[in-house]
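Below: one structure, written as structure tokens.
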Amino acid sequence: MADQQARLSWRDGSIPVSDQFDDPYFSIHDGLAETGHVFLDGNDLATRFASAAEAGTDFHIAELGFGTGLNLLAAWRAWETAQEGCAAPSVLHFTSFEAFPMAVEDMARALEAFPEVAPWAERFLAVWEGAGACDLGNLRVNVITGDARASLPEWTGKADAWFLDGFSPAKNPELWQDDLLTAVAGHTRAGGTAATYTAAGFVRRGLEAAGFEVSRTPGFGRKRHMTKAQLR
């Protein structure tokens, strides 16, 4: 996969579909609800964010596949909710690995479908340049472009939680290979978690081989199952 900008088409005028992978960027039913179910609930972030707020500690999320930035905004909204009333708010660090970054104007168009996160989208898009790092005070974002199979092993950070959100394993197998899942485990703090919408057997086996305790749980919408994992 080359490092280049995303090429996309629009379904029903509002749902971006990757031309590279022929797959939509988020659920056609409700992308924000899917993010909440799969990534926030799948990583138990409401409880963990509350604990971080009480302890005054930072939290680090890492992600495979930045896409529209919807997962980031949903997590940031939840983080700020948990931080309400804190005298010295902690920082949410968000690192994402993206081979085909979306143009800022396309990202803004896609996010218009989710007015619930509009205040966070406006703040983010006001400073976002399409890739790299930006600092919004209680949120520090770094989107690392290029093939994650090369960039993730070189990353020096470790995450408390992972959003595994590449395109469908059938259409984007590069982001679900055993060696990459092993790299995910190697960049996860002890007891850290991962969640993904897919319950494909080879993905679950890859996570288990990498050192995660894996469970299959009810999926979102029409998807019967999803996958949750915790580093042993």
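A few remarks follow.
- One residue from Ala194, Ala190 being open to solvent by less than 20 Å² (accessible area, probe 1.4 Å) and assigned to a strand (DSSP E or B): Ala194
- Being in contact with a helix residue (DSSP H, G or I) (Cβ under 6 Å, 6 or more places away or on another chain) and of a type in the set (S, T, N, Q) is a property that does not hold for Thr196.
- Matching residues in the stretch 15-56 - criterion: being of a type in the set (Ser, Thr, Tyr) and either surrounded by 14 or more Cβ atoms within 10 Å (Cβ to Cβ) or within 19 Å of the chain's Cα centre (by Cα) (or both): Ser18, Tyr25, Ser27, Thr35, Thr47
- Residue, farthest from Ala87 (Cα to Cα), within the stretch 126-146, restricted to residues that are small (Gly, Ala, Ser), open to solvent by 20 Å² or more (accessible area, probe 1.4 Å) and in a loop (DSSP other than H, G, I, E, B): Ala131
- Counting only residues that are within 24 Å of Ala88 (Cβ to Cβ) and not in a helix (DSSP H, G or I), the stretch 45-77 holds 6 of them.
- The residues on offer are Thr81, Thr68, and the sole one that is of a type in the set (S, T, N, Q) and within 13 Å of the chain's Cα centre (by Cα) is Thr68.
- Breaking point among (1) in contact with a helix residue (DSSP H, G or I) (Cβ under 6 Å, 6 or more places away or on another chain); (2) over 17 Å from Gly166 (Cα atoms); (3) part of a helix (DSSP H, G or I), for Arg149: (2)
- Odd one out for Gln230, checked against (1) out of contact with any strand residue (DSSP E or B) (no Cβ under 6 Å at 6 or more places or on another chain); (2) closer than 19 Å to Asp179 by Cα; (3) open to solvent by 30 Å² or more (accessible area, probe 1.4 Å): (1)
- Scanning the stretch 181-232 for residues that are in contact (Cβ under 8 Å) with a residue 40 or more places away in the chain and over 19 Å from Asp41 (Cβ atoms) yields Val184, Ala185, His187, Arg189, Ala190.
- The number of residues in the stretch 174-189 that are at pLDDT below 95 and out of contact with any helix residue (DSSP H, G or I) (no Cβ under 9 Å at 6 or more places or on another chain) comes to 0.
- Selection status of Glu213, part of a strand (DSSP E or B), acidic (Asp, Glu) and out of contact with any Pro (no Cβ under 7 Å at 6 or more places or on another chain): yes
- Options Glu105, Glu80; residue that is over 21 Å from Gln5 (Cα atoms) and open to solvent by 30 Å² or more (accessible area, probe 1.4 Å): Glu80
- Taking the criterion of being out of contact with any helix residue (DSSP H, G or I) (no Cβ under 9 Å at 6 or more places or on another chain), of a type in the set (A, V, I, L, M, F, W, C) and assigned to a helix (DSSP H, G or I), the only residue of the stretch 11-37 that qualifies is Ala33.
The values are calculated or read from the model by the stated rules, or taken from the named source; none is laboratory data. No experiment lies behind these values; they were computed from the predicted model shown. Backbone-built Cβ (ideal geometry, glycine too); neighbour counts: all protein chains shown. To get the accessible areas, we keep the full protein, side chains included, count just its heavy atoms, and leave off ligands, DNA and RNA. Shrake-Rupley method; radii C 1.70, N 1.55, O 1.52, S 1.80 Å.
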